[in-house]
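S.K.: Can you read through this structure? Questions will come right after.
What follows draws every value from the coordinates through simple rules; no lab data is involved. For clarity, every value in this text was computed on a predicted model and none was experimentally measured. With ideal geometry, Cβ positions are generated from the backbone for all residues, glycine too; neighbour counts draw on all protein chains shown.
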């Protein structure tokens, strides 16, 4: 947004509502643009055992060594918001969703 003087105006962003379930949250973000909301980043340090760390890294490398899929920025933003709330990477969230869908479709 630009003022009459030609300077950019700062828009005050809204806080997203509280959700009762992941499904409710997913429906909300399907209908709203995350750019309109102030999203608080939450990061907590985690200490992993060496064996668990190695297993995670191996799995991550397998996932990253596959294909690349371009996404519209709006979808990527929504994915990142949902993933942050689940405390996982957005790539892992997409991987999990795709795997779940592929399994259900293969079972038909």
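S.K.: Does region 82-96 contain at least one residue that is in contact with a strand residue (DSSP E or B) (Cβ under 9 Å, 6 or more places away or on another chain), farther than 21 Å from residue 21 by Cβ and not in a helix (DSSP H, G or I)?
M.R.: Taking every residue of region 82-96 in turn, none turns out to be in contact with a strand residue (DSSP E or B) (Cβ under 9 Å, 6 or more places away or on another chain), farther than 21 Å from residue 21 by Cβ and not in a helix (DSSP H, G or I).
S.K.: Hey, any hits in region 38-46 for a residue that's under 20 Å from residue 18 (Cβ atoms) and not in a loop (DSSP other than H, G, I, E, B)?
M.R.: Scanning region 38-46 turns up no residue that is under 20 Å from residue 18 (Cβ atoms) and not in a loop (DSSP other than H, G, I, E, B).
S.K.: Test residue 30 against the criterion of being in a helix (DSSP H, G or I), under 17 Å from the mean Cα position of the chain (by Cα), in contact (Cβ under 8 Å) with a residue 40 or more places away in the chain and exposed (fewer than 11 other Cβ atoms within 10 Å of the Cβ), and give yes or no. Working first, answer last.
M.R.: Values: in a helix (DSSP H, G or I): yes; under 17 Å from the mean Cα position of the chain (by Cα): yes; in contact (Cβ under 8 Å) with a residue 40 or more places away in the chain: yes; exposed (fewer than 11 other Cβ atoms within 10 Å of the Cβ): yes.
When the stated conditions are applied, residue 30 passes them.
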